[in-house]
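The values are calculated or read from the model by the stated rules, or taken from the named source; none is laboratory data. These figures come from a predicted structure and were not determined experimentally. Methodologically, a virtual Cβ is constructed for each residue, glycine included, from the backbone with ideal geometry; neighbour enumeration extends over all protein chains shown.
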Amino acid sequence: MKDRFVTLVLLAAASLASAQSSPSASAPSTDRFDGDWLVTMSCPTNTEKSAALGYKRQFNAQVKDGFLRGEQGSEDAPGFLRIGGRIGSDGSARFSARGRTGNPDFAVAHPPSSSPYSFSVEARFDASHGSGKRLEQRECSFAFDRK
């Protein structure tokens, strides 16, 4: 009986070690999103307190090793925007965005041109498309299309 128990324990340990050392065939990889993407950011006219005008902007982004990075404009210039962050293996993502305002009429609270700002984006991706929303300051939607 003791020998049978030891054999079962050894078999269980060997199975566990084998399962941990070989990647699961069904586990999705974050690099499945790697490649070039077109990002469309759409912000409707804000009818609340700030009355910021609506706008739409498109820019390119790249995903490498599951990390998205896209930007538009020059870092120190008015209208600059950079967005980046990791896309999870399940397609969920949370990005950080930072930039500088352009025309004050299009910005919440109408700060001077080139004022710094930042916000977060929550998104969901599949193999060829993603969609998301801005989480702070004003309503904006995001579409991500694989090129």
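List of remarks:
- Of 26, 15, all but one fail to be assigned to a helix (DSSP H, G or I) and at pLDDT below 75; the exception is 15.
- Residue match in region 133-145 (condition: surrounded by 16 or more Cβ atoms within 10 Å (Cβ to Cβ), within 17 Å of residue 68 (Cα to Cα) and over 13 Å from the mean Cα position of the chain (by Cα)): no
- When the test is whether a residue is closer than 15 Å to residue 52 by Cβ, at pLDDT 95 or above, loosely packed, with under 13 Cβ neighbours inside 10 Å and not small (Gly, Ala, Ser), residue 116 does not pass it.
- Out of 80, 95, sole residue that is surrounded by 16 or more Cβ atoms within 10 Å (Cβ to Cβ) and within 30 Å of residue 29 (Cβ to Cβ): 95
- Each residue in region 52-105 was checked for being among the polar types (S, T, N, Q), closer than 19 Å to residue 124 by Cβ and not in a strand (DSSP E or B), and 1 pass.
- Residue match in region 81-95 (condition: at pLDDT 95 or above, among the aromatic types (Phe, Trp, Tyr) and closer than 17 Å to residue 46 by Cβ): no
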